[in-house]
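Novice: This is the structure, below, for whatever I ask next.
The values are calculated or read from the model by the stated rules, or taken from the named source; none is laboratory data. Given the structure is predicted, the values throughout are model-derived calculations rather than measurements. Heads up, the Cβs are rebuilt from the backbone with ideal geometry, glycines too, and the neighbour counts pull from every protein chain shown.
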Ligand SMILES: C[S@@+](CC[C@H](N)C(=O)[O-])C[C@H]1O[C@@H](n2cnc3c(N)ncnc32)[C@H](O)[C@@H]1O
């Protein structure tokens, strides 16, 4: 890649992140009105194997619905969340006073290697300009034997997500089947260990647990 191509690529990523951040900053006060996102968070919490989990990181935590659902399920140990949108993080802080909640880009997690037992990322991956770089970060921050849980759309009805970012900033294709998800997470050293599907109206979501392939 030439220097000009690299500069153009970085500018496109920065513009993508800015547009997504602004969209979710605007949406933060009303995000929790979505019964779909509340229901999916509860389904992910029910799917999660919390055996020997002492520290959870929720990437693209938004208003913290997934961490709240884990807490409602009885999980009472360390909880951390990161999100690109400072206003979504402000909302999460109101509901999760004991969690560590930070505004950060998913591809530059501000944590040391081997920090977490479980990483969750629910309906975030399709918004990242570099999802494989974000997935590689999960492998870095997970302790040996750690797991990740993703929730990605198999079917996405835009008419039910009018507050979502522009279509140009959404790409479901690397995660929209079990096979493609497996191919997408493989370079980071993950394999899909188990999965389930969850449906709400015209939205169909793949919930998957990833473990190290090594
Ligand atoms: C559809 S919401 C999902 C929020 C939450 N996981 C849930 O299930 O309710 C997507 C979230 O991804 C966040 N996000 C998008 N791109 C991001 C990035 N590059 N790094 C971190 N968070 C990001 C957005 O700010 C937004 O809060």
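Novice: Report, ordered by the first and then the second residue, all pairs with beta carbons closer than 6 Å, sequence separation of six or more or different chains, a first member in the range 157-182 that is in contact (Cβ under 8 Å) with a residue 40 or more places away in the chain and closer than 16 Å to residue 202 by Cα, and a second member that is within 14 Å of the ligand (Cβ to nearest atom) and part of a helix (DSSP H, G or I).
Specialist: So the pair list comes out as 172/126.
Novice: Quick check on the range 104-112. Is at least one of its residues assigned to a helix (DSSP H, G or I), surrounded by 15 or more Cβ atoms within 10 Å (Cβ to Cβ) and either within 13 Å of the ligand (Cβ to nearest atom) or modelled with pLDDT of 95 or more (or both)?
Specialist: no
Novice: Could we say that residue 116 is more than 10 Å from the ligand (Cβ to nearest atom) and at pLDDT below 95 here?
Specialist: So residue 116 fails the test.
Novice: Another one. Can we say residue 152 is near the ligand (Cβ under 9 Å from one of its atoms), assigned to a strand (DSSP E or B), under 23 Å from residue 178 (Cα atoms) and in contact (Cβ under 8 Å) with a residue 12 or more places away in the chain?
Specialist: When the stated conditions are applied, residue 152 does not pass them.
Novice: Follow-up. More than 21 Å from residue 10 (Cα to Cα), within 16 Å of the ligand (Cβ to nearest atom) and without any contact (Cβ under 8 Å) to a residue 40 or more places away in the chain - does that describe any residue in the range 128-141?
Specialist: So far as the range 128-141 goes, yes, one or more of its residues are more than 21 Å from residue 10 (Cα to Cα), within 16 Å of the ligand (Cβ to nearest atom) and without any contact (Cβ under 8 Å) to a residue 40 or more places away in the chain.
Novice: Scan the range 49-64 residue by residue and report those that are out of contact with any strand residue (DSSP E or B) (no Cβ under 8 Å at 6 or more places or on another chain) and under 17 Å from residue 87 (Cβ atoms).
Specialist: 63
Novice: Check whether at least one residue in the range 155-169 is closer than 18 Å to residue 44 by Cα, buried (at least 18 other Cβ atoms within 10 Å of the Cβ) and in contact with a helix residue (DSSP H, G or I) (Cβ under 7 Å, 6 or more places away or on another chain), and report yes or no.
Specialist: Scanning the range 155-169 turns up no residue that is closer than 18 Å to residue 44 by Cα, buried (at least 18 other Cβ atoms within 10 Å of the Cβ) and in contact with a helix residue (DSSP H, G or I) (Cβ under 7 Å, 6 or more places away or on another chain).
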